[in-house]
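Data block below; observations after.
The values are calculated or read from the model by the stated rules, or taken from the named source; none is laboratory data. Quick caveat: nothing in here was measured; it's all calculated off a predicted structure. When we count neighbours, we look across all protein chains shown, and the Cβ atoms used for this are built from the backbone with ideal geometry, even at glycine. SASA here: full protein model, heavy atoms, side chains in, ligands and nucleic acids out. Shrake-Rupley method; radii C 1.70, N 1.55, O 1.52, S 1.80 Å.
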Amino acid sequence: MPLLNKVRTAVPGGPGGDTAPSLSRLRTALTLFFALDGFLFAGWVVRIPAIKQQTGASASDLGLALLGVSAGAVVTMTLTGRLCRRHGSHAVTVATAVLLSLSIALPALTHSPLALGLVLLVFGAAYGGINVAMNSAAVDLVAALRRPVMPSFHAAFSLGGMVGAGLGGLVAGSLAPATHLLGLTVVGLLLTAVAGPVLLRQPSPAPPEAIAAERPRGKAGSRGLVLVFGVIALCTAYGEGALADWGALHLEQDLHAHPGVAAAGYSLFALTMTAGRLSGTALLERLGQTRTLVAGGATAAAGMVLGALAPTVWAALLGFAVTGLGLANIFPVAVARAGALAGPSGVAAASTLGYGGMLLGPPSIGFLADWFSLPIALTTVAVLAAGAAVIGYAARNVRAPAPADQR
């Protein structure tokens, strides 16, 4: 049986090794943190209109304030890798989860765009930090389990986001933003209190010696390889950001869809992405990492061409669904490969590039839509998805935890 498909029952580096049940508990705890991250972020996003009204911000003021999330996240992502190496990814995950839970209540306490931007710097810092820390912890656990389970963690993030958005939509009309966001703080702290001790009691599993030996020795070479997988993450995150901000407008403006149907476009995309991630481990075990990257990129490219250029609403919705399936596992695989190559620093670099892609997508689509048209602009999602497939194939011989027969 290939090494990647076997569950490791003991991890070297500790007295007697970690047992399979302890690794299972770690996996459950990490899954909860991924779900919490998606749940809290989505809960904040659905209250943005109410916070805009509360602060009296114009559209441009709100855009500048929201840059606080991006700025805080990007700066913290570059530092969290060092913190994980010094204090351990488990401790940093718990600390940033506490900070994220506390900071999500702050936007509802602001009454000016400037104050909102400042508190969003804190929220963004916590959001960026927990994403790097928990992905670093997940990379170590994937290596210890010797199974490609990274997509399952990202599926939990997607599911948490769907629950957070759905719950937020239900309570938006009856609860004030301050009450809602404070409730999210309570949920976040309670879940951290339940799952955090599992992480704090156990150090990160040491990577098996055979896997550690495959990591590149030279720092320059390692950085270059991490950059490759960071660019792949950027290509897929670009598509997520573009569809989140422009998908509904394309359906309503260009295809004259009913507003309710148009709003369902991104929900369908998110749903198929979640389904793709839930089946990601089985797909990786069957196809391996390179084939999964190539097939995912090609599928997303075909789906987005249909979604952008289809003449009917239902064909475009089908294209969005196919795009979600294609993009589902590219980001998790790219981050896992970067982490396997360079540890927390690799996760930090790939996550930062990926997050940059999510930020780059919406404004790029907007400029291109002004110059050409929105359907043409959305085809750039297909171009970058195809680019991810090409880069993934070109990087097929990069040495990573998976043995050769799994690539």
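Only one of THR55, THR78, THR31 is among the β-branched types (Val, Ile, Thr) and under 17 Å from ALA138 (Cβ atoms); which?
THR31
So, ALA385, is that one touching a Cys at 6+ places or on another chain (Cβ under 8 Å), modelled with pLDDT of 90 or more and more than 24 Å from ALA143 (Cβ to Cβ) or not?
So ALA385 passes the test.
In the set GLY260, GLY265, GLY224, which member is open to solvent by less than 50 Å² (accessible area, probe 1.4 Å), in contact (Cβ under 8 Å) with a residue 40 or more places away in the chain, small (Gly, Ala, Ser) and assigned to a helix (DSSP H, G or I)?
Result of the check over GLY260, GLY265, GLY224: GLY265.
Give segment 32-83 a look and list any residue that's more than 22 Å from ALA244 (Cα to Cα), surrounded by fewer than 18 Cβ atoms within 10 Å (Cβ to Cβ) and of a type in the set (Val, Ile, Thr), or say none.
VAL75, THR78
How many residues are β-branched (Val, Ile, Thr), under 28 Å from LEU23 (Cβ atoms) and modelled with pLDDT of 95 or more if we restrict to segment 159-193?
Number of matching residues: 2.
A quick yes/no check of all residues on (1) buried (at least 24 other Cβ atoms within 10 Å of the Cβ); (2) over 14 Å from the mean Cα position of the chain (by Cα); (3) under 24 Å from ARG82 (Cβ atoms):
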position: VAL119; (1), (2), (3): no, yes, no
position: ALA133; (1), (2), (3): yes, no, yes
position: LEU145; (1), (2), (3): no, yes, no
position: PHE153; (1), (2), (3): yes, no, yes
position: LEU159; (1), (2), (3): no, no, no
position: LEU167; (1), (2), (3): no, yes, no
position: ALA176; (1), (2), (3): no, yes, no
position: GLY183; (1), (2), (3): no, yes, no
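Scan segment 147-154 and tell me whether some residue there is touching a residue at least 24 places away in the same chain (Cβ under 8 Å), among the aliphatic types (A, V, I, L, M) and in a helix (DSSP H, G or I).
yes
Restricting to segment 84-112, and then to whatever is open to solvent by 80 Å² or more (accessible area, probe 1.4 Å) and in contact (Cβ under 8 Å) with a residue 12 or more places away in the chain, can you tell me which residue is nearest to PHE41 (Cα to Cα)?
Looking at residues that are open to solvent by 80 Å² or more (accessible area, probe 1.4 Å) and in contact (Cβ under 8 Å) with a residue 12 or more places away in the chain, I get LEU102.
In segment 320-336, is there at least one residue being among the hydroxyl-bearing types (Ser, Thr, Tyr) and surrounded by fewer than 24 Cβ atoms within 10 Å (Cβ to Cβ)?
No: zero hits.
Have a look at THR312, THR352, THR272, THR292 and point out the one that is polar (S, T, N, Q), without any contact (Cβ under 8 Å) to a residue 60 or more places away in the chain and more than 18 Å from SER158 (Cβ to Cβ).
THR312
Looking at (1) closer than 23 Å to GLY354 by Cβ; (2) free of Cβ contacts under 8 Å to residues at least 60 places away in the same chain; (3) charged (D, E, K, R), which is the one condition that is false for GLU252?
So GLU252 meets the others, but not (1).
Any residue at all in segment 86-100 that is more than 20 Å from the chain's Cα centre (by Cα) and over 16 Å from ALA29 (Cβ atoms)?
Within segment 86-100, one or more residues are more than 20 Å from the chain's Cα centre (by Cα) and over 16 Å from ALA29 (Cβ atoms).
Given the structure, is LEU278 closer than 25 Å to ALA308 by Cα, open to solvent by 50 Å² or more (accessible area, probe 1.4 Å) and within 21 Å of the chain's Cα centre (by Cα)?
No.
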